[in-house]
1. For the range 27-47, how many residues meet the condition of being of a type outside the set (A, V, I, L, M), without any contact (Cβ under 8 Å) to a residue 12 or more places away in the chain and not in a loop (DSSP other than H, G, I, E, B)?
2. Please enumerate the residues belonging to the range 2-51 that are charged (D, E, K, R) and under 22 Å from LEU416 (Cβ atoms).
3. Take ASP285 and decide whether it is more than 12 Å from the ligand (Cβ to nearest atom), farther than 26 Å from LEU224 by Cα, among the acidic types (Asp, Glu) and at pLDDT 95 or above.
4. From ASP353, ASP427, ASP366, which residue is more than 27 Å from the chain's Cα centre (by Cα) and within 16 Å of the ligand (Cβ to nearest atom)?
5. Quick check on the range 1-26: of everything there that is assigned to a loop (DSSP other than H, G, I, E, B) and open to solvent by less than 70 Å² (accessible area, probe 1.4 Å), which residue is farthest from GLY64 (Cα to Cα)?
6. Given (1) among the aliphatic types (A, V, I, L, M); (2) open to solvent by 10 Å² or more (accessible area, probe 1.4 Å); (3) within 22 Å of the chain's Cα centre (by Cα), identify the lone condition not met by ILE389.
7. Only residues that are under 14 Å from GLU56 (Cα atoms) and either open to solvent by less than 60 Å² (accessible area, probe 1.4 Å) or over 37 Å from the mean Cα position of the chain (by Cα) (or both): list them for the range 27-41, please.
8. Could you please find all residues in the range 254-264 being farther than 30 Å from ARG345 by Cβ and within 14 Å of the ligand (Cβ to nearest atom)?
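The values are calculated or read from the model by the stated rules, or taken from the named source; none is laboratory data. Computed from a predicted model, the values in this text were never measured in an experiment. Quick reminder, even Gly has a Cβ in these numbers, built from the backbone with ideal geometry, and neighbours come from all protein chains shown. What goes into the accessible areas is simple: the full protein's heavy atoms, side chains included, and nothing from ligands, DNA or RNA. Shrake-Rupley method; radii C 1.70, N 1.55, O 1.52, S 1.80 Å.
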Amino acid sequence: MPTKKYTLTNVATGKSSELEALSPTIGPDVLNIAPLAKDHGLFTFDPGFMSTAACESKITFIDGEKGVLLYRGYPVEQLAAKSSFIEVAYLLIYGELPSPAQLAEFGRSITRHSMINESLRRFYNGFHHDAHPMSQVSAVVASMAGFYHDSLDINNPRHREIFAHRIIAKMPTIASAAYKHMLGQPFMFPQNELGYCENLLNMFFAVPCEKYAIEPVAAKALDLLLILHADHEQNASTSTVRLAGSTGANPYAAISSGIAALWGPAHGGANEAVLLMLEEIGTADAIPKFLAKVKDKQDHTRLMGFGHRVYKNFDPRAKIIRETCHKVLEKLGRADNPLFELALRLEEIALRDEYFVSRKLYPNVDFYSGIIYSALGIPRSMFTVMFAIARTAGWVAHWQEMISDPAMKIGRPRQLYTGKTPRDYVDIETR
Ligand code: CMC
């Protein structure tokens, strides 16, 4: 219930409106500005949504000052230590941790839905061999609407649930098909006896002519990365999924839009960009020269994997991934990883530098994730696809939350128009 009220007065006319501050369960109050347009004909101007809460949500909470991230109230550190990606996906979608029976049933359903239609699989042949896998994945996901007419009624809760299970189940299959297409290797079918991450690794790295031994440490590391990337409240791709979904578009179209939005280097594409940056820097003695470029406002270079719209403190996910990097590299026998050493040194220098300190720029989730992916043998161009597999759980949860809300409205922002005022058309002969 609203507790605080603010008064907005137009000093010219003396007309006042009372604005209510809505209180969340945790976090800062949110001013309900709906009366502004009605009472004063006013819109608010907030480029980049720096101070706009676009919706109400019960899924994920972030305190950017304290570096806190909660999924349905559970700290991400606890989930990373004790849970699994499949359990986290259940938690995000259904709102509660599953009972053992619910978890087993959810796992079974995800396993049953992991194959893709053979016609869908033939789509990959239409892509050039070096098409970026994100373009393949977003196109194939968008095409799925053409295959599941039986369960596309967004107002039917059971249809929505089938979609949720289907897309989470098929994302690893879709991603690995893109990878195999790039390599020119035969597609590997999902194996029902394998867990989600084991299956993902198997579809990536197995070939029909040889058995592939899945390393448990690799599957565990992958599971952890998927947990940490599973949701992050109203980020750009999730907001895209919500906006596309708010039109009543089918959910595959909405998720495909989210995948496209995730691809950008300011968002999910940063993990790929970090590795590229580390390779470009090359050695620790080149760090000062690189940071000078980053700090030069005429140069558009950014320290990739650093900074975040919400976190003005350590991103809790980055802390966990950095620790995991040490363990995974050691267990995989790749402890002397020069890129990891370089990243550690780069972080250390940046965190002491006035430029980054004064702007509260800390390593984010993507600073170290690519190093683990590389150690697992996953190529750079697939990093953002891995992020998309994980974030599908969050996108689905947000889409479900939005569609099942009876008060849902189409998302339709307004603008500050700074174009021409009305003028008369000029005939081409006289221009
Ligand atoms: N390197 C250098 N300067 C930076 C960086 C960076 N990575 N990030 C922010 N700044 C500076 C920026 O130039 C600005 O300086 P000034 O005040 O002098 O103009 C100030 O810090 C504030 O930056 P901003 O661009 O207004 O901040 P934002 O909230 O709009 O951008 C961001 C957030 C994540 C897009 C940005 O920090 C960035 O581009 N980081 C690098 C890309 C990256 O790692 N993205 C992954 C984000 S986490 C994963 C995900 O959720 O997708």
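1. We begin by selecting, within the range 27-47, every residue of a type outside the set (A, V, I, L, M); these are 27-29, 32, 35, 38-41, 43-47.
Applying the additional criterion that residues be without any contact (Cβ under 8 Å) to a residue 12 or more places away in the chain yields 28, 38, 41, 44, 46-47.
Then drop every residue that is not not in a loop (DSSP other than H, G, I, E, B), which leaves 38, 47.
Of the residues in the range 27-47, 2 are of a type outside the set (A, V, I, L, M), without any contact (Cβ under 8 Å) to a residue 12 or more places away in the chain and not in a loop (DSSP other than H, G, I, E, B).
2. The first filter runs over the range 2-51 and keeps only residues charged (D, E, K, R), leaving 4-5, 15, 18, 20, 29, 38-39, 46.
If the condition is that a residue be charged (D, E, K, R) and under 22 Å from LEU416 (Cβ atoms), then LYS15, LYS38, ASP39, ASP46 are the ones that fit.
3. On the way: more than 12 Å from the ligand (Cβ to nearest atom): yes; farther than 26 Å from LEU224 by Cα: yes; among the acidic types (Asp, Glu): yes; at pLDDT 95 or above: yes.
Answer is yes for this residue.
4. Numbers: ASP427 fails: within 16 Å of the ligand (Cβ to nearest atom); ASP366 fails: more than 27 Å from the chain's Cα centre (by Cα).
Testing whether each residue is more than 27 Å from the chain's Cα centre (by Cα) and within 16 Å of the ligand (Cβ to nearest atom) leaves just ASP353.
5. Initial filter on the range 1-26 (assigned to a loop (DSSP other than H, G, I, E, B)): 1-3, 10-15, 23-26.
Subsequent filtering for residues that are open to solvent by less than 70 Å² (accessible area, probe 1.4 Å) retains 2, 10, 14, 23-24.
Working: PRO2: 24, ASN10: 34, GLY14: 38, SER23: 18, PRO24: 16 Å.
Result: GLY14.
6. (2)
7. Residues satisfying the conditions are GLY27, ASP29, VAL30, ASN32.
8. Keep residues of the range 254-264 that are farther than 30 Å from ARG345 by Cβ, which gives 254-261.
Answer for the range 254-264, where residues must be farther than 30 Å from ARG345 by Cβ and within 14 Å of the ligand (Cβ to nearest atom): GLY258, ILE259, ALA260, ALA261.
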